[in-house]
Structures are given as C-alpha cells and as structure tokens.
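The values are calculated or read from the model by the stated rules, or taken from the named source; none is laboratory data. All values derive from a computational prediction rather than experimental measurement. With ideal geometry, Cβ positions are generated from the backbone for all residues, glycine too; neighbour counts draw on all protein chains shown. These area figures cover heavy atoms from the full protein model, side chains too; ligands, DNA and RNA do not enter into them. Shrake-Rupley method; radii C 1.70, N 1.55, O 1.52, S 1.80 Å.
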There are 2 protein chains.
Amino acid sequence: MRSPQALRNGENPSPSAQHRLPTPRFHSTVAEQKLRRFNSLILVFRLTSFSFSLAAFVFMLTNTHGSDSPHWADYDTFRFVLAANAIVMIYSLFEMGASVWEISRGATLLPEFLQVWFDFGHDQVFAYLLLSASSAGTSLARTLKESDTCTDSNAFCVQSDISIALGYAAFLFLGLTSLLSGFRVGCFIINGSRFHL
Amino acid sequence: MRSPQALRNGENPSPSAQHRLPTPRFHSTVAEQKLRRFNSLILVFRLTSFSFSLAAFVFMLTNTHGSDSPHWADYDTFRFVLAANAIVMIYSLFEMGASVWEISRGATLLPEFLQVWFDFGHDQVFAYLLLSASSAGTSLARTLKESDTCTDSNAFCVQSDISIALGYAAFLFLGLTSLLSGFRVGCFIINGSRFHL
C-alpha cells in the first residue's frame, strides 16, 4: 500500500506534506480508502449525469414527427438545449475516464493542481450552462403550449418536455458533483493536496 | 487584539483549535487580518449583487406603459424574474448585515457552524434560482420579439431586456460570493474553523 505522498503528482511537495512524512502506515491507508470512496461517489454522480444528458440529447435530436410537424432545429432555444446536453455528455464521459484512471492507478490523469481546478471549474460552468438551457427550454415549452403548435403536434411538445426534464436531472447530479469537486479544491488550497485527512 | 479562538462561536473547540492555542500573537493577527480582508471582499460582492438585483426588480416592477401596452404580470416568466430578483435582493440585504456584524465584532451572527452552511447553501440555491429566472426571461423576451408585442410596444420589450440583463449581473456576483462562502465551508470542514490559516 503506497502512502498518500506516493500518490501525489506535484513535483514539489508542500511543507505540510513534508511534515506528514513520518505519519504511521495506518493513517495513509485510511486516507487512501477515504479518497477512494470519495472518488467512487464522484464517479457514480458523473455516470448518472452522463446517462441523463445522453437521454435528453437523444430525445431532443429525434424530436421530429413527419413533415407537417415542427422541428427542434426551428427553435433557437431547443438548439441551445441540445448543445448544452451534448457538451455535458461529452464532458461527463471524459471525466468518468479520468475518475476511473484515478481510482485504479491512485494518481490523477493531469497534474494534481490542474486536475482539481479543471474539474471544479468545468463542473460549475457546465452546471450553470445546463440549468440555463433547461430554464430557457421550459419557458419556450410553456409559450408553445399557449400557441397552436402543441394542439397541432402534441407529440412534439411532449417529447420536448421529456428532454428538458432529463436535462434538469443531469443538472442536479452535475451540481452535486461540483460540490464534491469544490471540496477537493478546498482541500488542495488548504492542505496542498486533494487528500482531506 | 483577540486571538482567533476568542472569535470563534463554537462551544467545543476542535482538537486542531486546541492544538493552535500556544501559537504566537503574530500568527493570530495575520489570520485575523486575512479573514477581515476575505470578509470585506464578500461584503463588496454582496453589495454589488444587491444593487443589481434591486435595479432589476425596480425595472421589472415599473414595466408598464399605458393601458394598451402589455403588463409584466401578464407573463408567468416575468413574474418569476421579479420574484427571483426580490428574493436575492432581500437575502443580500440580510447577508450584508451579517457580514458587517462579523467584520465589526469579529464573531458570526449565527453560531459559526450554522452561519457558514447557511451562507453557502443559500448562495448556491439563489444563484441557481436567479440564473434560471434570467434564462427563462431571455427565452420569453426572444419569443416576444418575434411576435407583434414588441412592434406594438417597443418600450416594454426594451425595459424587460434591461431588467433581465441586470438580473444576470446580480447572478454573476452572487455566483462569485458562493465560491468564497464555499471556501469558508471547506475551511470549516477541514480545520473546524472558518479561519484558513
């Protein structure tokens, strides 16, 4: 079992890490186990977020019901919903890979400093992006319901609603992930390491 | 000058705080100064957020131009924009009071544990709320521009746009505040105190 120091990717160990060198083997095992559990939780959230955004993307993309029905690409807002879900889907896939790498090898894919800030920054921005797209989509869907579009082509409106709802679910799990990756950034700033023990 | 321990509101000082008791006076002064600067930054962000949300609220509330012009209350989404800005405005006002209290007295208004979690939780939720309202408002404003509403009453649409834009500005500063209050929560979890030194 390696000590937490062996797992860190920083070239220059911080004073607090140097200070921690003579800690007993038991401590590092606990730290490593806790970090592994923490990373597994992040992985589960990312998988859920990926699944929901994939479903939202597919539902919006296939939202065409014959030539007399409206098309999602006719509406700027629905194009925004599709793009936001696509971005979150691709990002979640990449981050799942990085997470699996970290859990299996015990080291981050990018240098530790870059990895914790990359994760947190993108989690925050993409969570806001997805919420923004979903809210805009909801507003458009409500407006369409008051017009003739939904009486003429009910299937189009129902499928848009489902896609938007799935987008909200993806946002929820991405938001939870951003809390956890934010905590890792906090640990990194305070302790000079993503370990919180 | 009081030591950081005197400023903490927790009844049971954590082991790390007890460990820090024999540190010299110099260290505690630096910690206190850094915390004061940090809190001042939060106060400035809160003031900016309050100003923008107040302006957005007033712009939306006064968005009536005669009896033949549409009224903001006719649209669910604009009511949502008004409500979200009102909530953020009142919350920012309360938090500014709490911030001034903390800077002047050196202790949090609520017990420290409650205060850090209260601040962070509400910052996050209200930032999401305000972004959601602004995005929905943007979507409705775009839809209105394509309809006859804006040709008939251009002033109504312009004033709505301004209100929504001010809402985005308020969100930006609330989002920045949530990062800072999130860091305080991180400090509290890791060190058992909102001090990060």
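Just a few scattered comments:
- Sum of -39500 (n - 2.57) over DSSP H runs of 4+, divided by residues of chain B (222 nm, nearest 500): -27500 deg cm²/dmol
- Between A and B, buried accessible area from a 1.4 angstrom probe totals roughly 1900 Å², ignoring ligands, DNA and RNA.
- Most to least accessible of B:F50, B:F156 (protein chains only, probe 1.4 Å): B:F50, B:F156
- 10 Å Cβ neighbours from other chains, averaged over peptide A:133-145: 6
- Dimensions (Å) - region B:68-159, Cα atoms, principal axes, largest first: 56, 19, 16
- Cysteines in chain A that, by Cβ-Cβ distance, have no pairing candidate under 4.7 Å: A:C187
- Here the calculated FRET efficiency for B:I103 and B:V58, from their Cβ-Cβ distance with R0 = 22 Å, stands at 0.20, rounded to the nearest 0.05.
- A probe of 1.4 angstrom, applied to the heavy atoms of all protein chains, finds A:K34 with accessible area near 90 square angstrom.
- Taking the label point 7 Å along Cα→Cβ, A:R79 and its counterparts in the other copies are spaced 3.2 nm apart, in ascending order.
- When +1 charges are put on Lys and Arg Cβ atoms and -1 charges on Asp and Glu Cβ atoms, the dipole computed for the protein assembly as shown relative to its Cα centre reaches about 2580 debye.
- Kirkwood-Stokes translational diffusion coefficient of the protein assembly as shown, alpha-carbon pairs, 37 °C, 0.692 mPa s, µm²/s: 140
- The charge dipole of region A:69-144, taken about its Cα centre with unit charges on the Cβ atoms of Lys, Arg (+1), Asp and Glu (-1) only, comes to about 200 debye.
- Heavy-atom accessible area ranking, 1.4 Å probe, most first, across B:W101, B:W72: B:W101, B:W72
- Computed with the Debye formula from one identical point scatterer per Cα of region A:38-191, without solvent, the log10 of I(q)/I(0) at q = 0.13, 0.15 Å⁻¹ comes to -0.60, -0.74.
- Charge-dipole axis of chain B as Lys and Arg at +1 and Asp and Glu at -1 on Cβ define it, positive-most pick from B:F120, B:V81, B:C157: B:F120
- Nearest-10 value in Å² for the accessible area of B:L114, using the 1.4 Å probe: 90
- Sorted shortest first, the distances from the A:V100 label point to those of the same residue in the other copies are 5.5 nm; each point sits 7 Å from Cα along Cα-to-Cβ.
- Chain A: angle of helix A:154-191 to the longest principal axis, Cα-based, in degrees nearest 10: 20
- Student exercise, region A:38-191 dipole from Lys, Arg, Asp, Glu Cβ charges, in Debye to nearest 20: 420
- Beta carbon of chain A nearest to the axis of the rotation taking A to B, residue and angstrom distance: A:G186, 1
- Position A:I162, label points 7 Å along Cα→Cβ, spacing to each other copy in nm (shortest first, one decimal): 4.5
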